[in-house]
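Notes follow the structure.
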Amino acid sequence: MKAFPKGSVALVSIMIISAITLIVVISMTEINYSTSSQSLNSNSDKTAYYVAQACLEEATIQLEADLSYSAGTLNFDADTTCDISVTDNGQKNVTITVNYLDYSSTFNATFSYEQSGEATNLHIINWSET
């Protein structure tokens, strides 16, 4: 039987342990990246929702001041904007598109309205993300 050179078993053992360690490190990195991505998506959802609420409030103020209000854009910062579009088919249908970083989300609201002299009263019927 042929003898192995001195230290060859240790060298093979170190290579196997290194390979296993590398696999574990790569797996942990992938898990961390996935978790970070999920967190960013969750934060983007929340940001889009709160921006949409602010835009809905702006649309409400504009419609109460002028029922012919039909569109607008709000810039919150360099990365966050919302576009407001209003149509009227007996009710005011408001479409809000929020753009935050690379994330985009659309929300719809429906208002009934009644005008009494100079005053306009809006009543929200529906508010949802599409």
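The values are calculated or read from the model by the stated rules, or taken from the named source; none is laboratory data. Worth saying up front: this structure is predicted, and the values here are computed from it rather than measured. We place every Cβ from the backbone using ideal geometry, glycine too, and count neighbours over all the protein chains shown.
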Kindly list, by first and then second residue, each pair from a residue in the stretch 114-130 that is closer than 15 Å to Asp66 by Cβ to a residue that is acidic (Asp, Glu), limited to pairs with Cβ atoms under 8 Å and residues at least 6 apart or on different chains.
Thr120/Glu64; Thr120/Glu114; Asn121/Glu64; Asn121/Glu114; Leu122/Glu64
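Between Gly90, Gly72, Gly7, which is of a type outside the set (Lys, Arg) and under 21 Å from Glu129 (Cβ atoms)? Talk me through it step by step, then tell me what you get.
Values: Gly90 fails: under 21 Å from Glu129 (Cβ atoms); Gly7 fails: under 21 Å from Glu129 (Cβ atoms).
Gly72 is the lone residue from the list that is of a type outside the set (Lys, Arg) and under 21 Å from Glu129 (Cβ atoms).
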Selection within the stretch 105-120 - at pLDDT 90 or above, among the polar types (S, T, N, Q) and surrounded by fewer than 18 Cβ atoms within 10 Å (Cβ to Cβ):
Thr106, Asn108, Thr110, Ser112
Can you tell me how many residues in the stretch 82-104 are hydroxyl-bearing (Ser, Thr, Tyr), over 12 Å from the mean Cα position of the chain (by Cα) and modelled with pLDDT under 95?
0
Would you check if there is a residue in the stretch 33-53 being surrounded by 16 or more Cβ atoms within 10 Å (Cβ to Cβ), out of contact with any Cys (no Cβ under 6 Å at 6 or more places or on another chain), part of a helix (DSSP H, G or I) and among the aliphatic types (A, V, I, L, M)?
yes
